[in-house]
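Chemist: Below is one structure. I have some questions about it.
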Amino acid sequence: MVFSNSIFLFLFLPAVLAVYYLLRTRRQRNLFLMFASLVFYAWGEPWFVFVMLLSILVNWLGGLALDRRRSEPGRKKRMLVLLLVFNLGLLGVFKYLMFLMNSVNWAFGLNFPVPKIALPIGISFFTFQAISYIMDVYRGKAQVQKDFFNVCLYISLFPQLIAGPIVRYQTVADEIETRTENSSDFAEGCRRFLVGLCKKVLLANNLALLADSAFALPSGEITVSAAWLMAIAYLWQVYFDFSGYSDMAIGLGRMFGFHFLENFEFPMVCKTISEFWKRWHISLGSWFQDYLYFPLGGSRVKSKARLIFNMFMVWSLTGLWHGADWTYFVWGCGFWVFLVLERFFYGKWMQEHFIGHIYALAAVTTITVIIRSPSVPFALTVIRSMYGFAPGGIWNATSGMYLREYGWFVLAALVFSLPVGPAVQKLLHIPDKPMQVLRAVGIVCAFALSLTYVIMGGYNPFIYFNF
């Protein structure tokens, strides 16, 4: 089940909200919300819920074991290692085993049978949340949770379960038992959910039509203009899809009294790749920073070579976290190269000059082509075409057709990826209350248009199956 389909919007969400607010005690509401989250996860593939429940059970018991050994550093560390092996092993078997075996067969000319293992949706998200729980208990940054059902609610909570953001246990630990629902939070949650839904349905889904069509072109027919259109369409599709889901998750959380941290902060205004990743998928970047980069020594290491190695580990694994394929590994390494160059050469200069905007967006758009391409060689063909080495020339009828049919969506994506609201308000000196009314009217109109797409069953891809 996904947030942007009719079953969720017209059946699941209204029913869950109605029952939730009819219940009176915190315990009743938590247990019901946990049950609803498990139903939400089990909707498409019921047996996957048992994989998640196994992860929850082991990490709950592991947290208790770590707490009991808090005065025994050696045994506590060994327990942490066992828990990390379990969590990463579970993720490795379901997500990476087929990739590794296919790679070994290809590299050494072998023919080992490769098992067909279905990937539980959201396993990367709930595994990272489980790891953050046990790591924070181990470090003493969070109190151990003795109630299994509270740990189950934290990891399975449906607003953020299948598409993030990655919610740290310490962020919501107190709210699991002591949160207070109120009308202002509920209203803000509804507004935020509607904004995310409109991003997903009106922009991401229509940009996906352009990206899918353009990336299906034979390599010999790709022009310079088509290459840029397909690259821009896919980057903005991912942005509005991912930020839209994050908005919906944050909004749903507010409806139930939870306050999740922001996951996107207008990344398209960046001047460097480093700034881009401080604004894009913030919860993932901070997770890798706290649980991998800093334990490796971070930037405090004395050797430049070790610093470059630490950055490589983070970004190669960031790539593979997004998908078990060499294209994702190369994508992560592409960002690593730019981040190393920025750190040692031109990052500060770009940050101080307007050309940094052009550089950062061109670099991000170029690198993102890799993960949408079926292979690295095809990605290189598209990238060469973007920069003038196009087998199909600069422009053809196909490019014109794409621009006529999708040009307005591309333009809208550009506008709404920037903080235009505050800029317009400041430029025209619009008071706060009229601006709030204008925003509300705009959201209601966009929501009504979104509903027509949902009801008519418009194109609605779910791009998180790799997660």
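Chemist: Specify the residue that is nearest to Leu414 (Cα to Cα); the eligible residues are those in segment 262-283 that are surrounded by 20 or more Cβ atoms within 10 Å (Cβ to Cβ) and hydroxyl-bearing (Ser, Thr, Tyr).
Modeler: Thr272
Chemist: If you check Phe149, Phe126, which single one turns out to be surrounded by fewer than 19 Cβ atoms within 10 Å (Cβ to Cβ), part of a helix (DSSP H, G or I) and not assigned by TED's automatic domain parsing to the domain that holds Leu403?
Modeler: Phe149
Conditions (1) closer than 17 Å to Ile222 by Cβ; (2) out of contact with any Leu (no Cβ under 7 Å at 6 or more places or on another chain); (3) surrounded by 12 or more Cβ atoms within 10 Å (Cβ to Cβ), marked per residue:
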site	(1), (2), (3)
Pro374	yes, yes, no
Ile394	yes, yes, yes
Gly407	no, yes, yes
Val424	no, yes, yes
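Chemist: If the requirement is being of a type outside the set (D, E, K, R), more than 14 Å from Ala211 (Cβ to Cβ) and surrounded by 14 or more Cβ atoms within 10 Å (Cβ to Cβ), which of these qualifies: Ala379, Ala390?
Modeler: Exactly one of Ala379, Ala390 is of a type outside the set (D, E, K, R), more than 14 Å from Ala211 (Cβ to Cβ) and surrounded by 14 or more Cβ atoms within 10 Å (Cβ to Cβ), namely Ala390.
Chemist: Mind checking which pairs have a first residue in segment 206-222 that is over 19 Å from Thr366 (Cα atoms) and a second that is among the hydroxyl-bearing types (Ser, Thr, Tyr) and not in a helix (DSSP H, G or I), Cβ under 8 Å, 6 or more apart or different chains?
Modeler: From residues that are over 19 Å from Thr366 (Cα atoms), the pairs are Asn206/Tyr459; Leu209/Tyr459.
Chemist: Right, here's the next one. Conditions first: (1) outside the structural domain of Phe35 (by TED's automatic domain parsing); (2) under 19 Å from the mean Cα position of the chain (by Cα). Phe158 passes all but one, so which condition is the exception?
Modeler: (1)
Chemist: Pick from Val144, Val195, Val137, Val172: which is in the same structural domain as Pro391 (by TED's automatic domain parsing), in contact (Cβ under 8 Å) with a residue 24 or more places away in the chain and in contact with a helix residue (DSSP H, G or I) (Cβ under 8 Å, 6 or more places away or on another chain)?
Modeler: Step by step, each of Val144, Val195, Val137, Val172 is checked, and only Val195 is in the same structural domain as Pro391 (by TED's automatic domain parsing), in contact (Cβ under 8 Å) with a residue 24 or more places away in the chain and in contact with a helix residue (DSSP H, G or I) (Cβ under 8 Å, 6 or more places away or on another chain).
Chemist: Then there is this: Out of curiosity, is Phe260 closer than 19 Å to Gln129 by Cα and part of a loop (DSSP other than H, G, I, E, B)?
Modeler: In short, yes.
Chemist: For segment 1-80, which helices (runs of 4 or more DSSP H) that fit wholly inside it have 3 or more residues that are more than 21 Å from Gln145 (Cβ to Cβ) and of a type in the set (A, V, I, L, M, F, W, C)?
Modeler: In segment 1-80, the matching helices (runs of 4 or more DSSP H) lie at 13-22, 26-42.
Chemist: So which residues in segment 290-304 are hydrophobic (A, V, I, L, M, F, W, C) and in contact (Cβ under 8 Å) with a residue 40 or more places away in the chain, if there are any at all?
Modeler: none
Chemist: Now a separate question. Regarding segment 226-235, can at least one residue be identified that is in contact (Cβ under 8 Å) with a residue 40 or more places away in the chain, outside any helix (DSSP H, G or I) and either surrounded by fewer than 21 Cβ atoms within 10 Å (Cβ to Cβ) or of a type in the set (Val, Ile, Thr) (or both)?
Modeler: There is no residue in segment 226-235 that is in contact (Cβ under 8 Å) with a residue 40 or more places away in the chain, outside any helix (DSSP H, G or I) and either surrounded by fewer than 21 Cβ atoms within 10 Å (Cβ to Cβ) or of a type in the set (Val, Ile, Thr) (or both).
Chemist: Residue by residue through segment 259-280, note down the ones that are aliphatic (A, V, I, L, M) and without any contact (Cβ under 8 Å) to a residue 40 or more places away in the chain.
Modeler: Of everything in segment 259-280, nothing turns out to be aliphatic (A, V, I, L, M) and without any contact (Cβ under 8 Å) to a residue 40 or more places away in the chain.
Chemist: Please work out if Ser246 is among the hydroxyl-bearing types (Ser, Thr, Tyr) and over 14 Å from the mean Cα position of the chain (by Cα).
Modeler: Considered against the rule, which asks whether it is among the hydroxyl-bearing types (Ser, Thr, Tyr) and over 14 Å from the mean Cα position of the chain (by Cα), Ser246 comes out as no.
Chemist: Let me ask you something else. If the requirement is being assigned to a helix (DSSP H, G or I), of a type in the set (Val, Ile, Thr), farther than 24 Å from Lys199 by Cα and in contact with a Pro (Cβ under 9 Å, 6 or more places away or on another chain), which of these qualifies: Thr398, Thr381?
Modeler: Exactly one residue qualifies, and that residue is Thr381.
Chemist: Here is a check on your reading of the model: is Phe99 surrounded by fewer than 19 Cβ atoms within 10 Å (Cβ to Cβ), within 23 Å of the chain's Cα centre (by Cα) and assigned to a helix (DSSP H, G or I)?
Modeler: Yes, satisfied.
The values are calculated or read from the model by the stated rules, or taken from the named source; none is laboratory data. A quick note: this is a predicted structure, and the numbers were derived from the prediction, not measured. All Cβ positions, glycine included, derive from the backbone under ideal geometry; neighbour counts span all protein chains shown.
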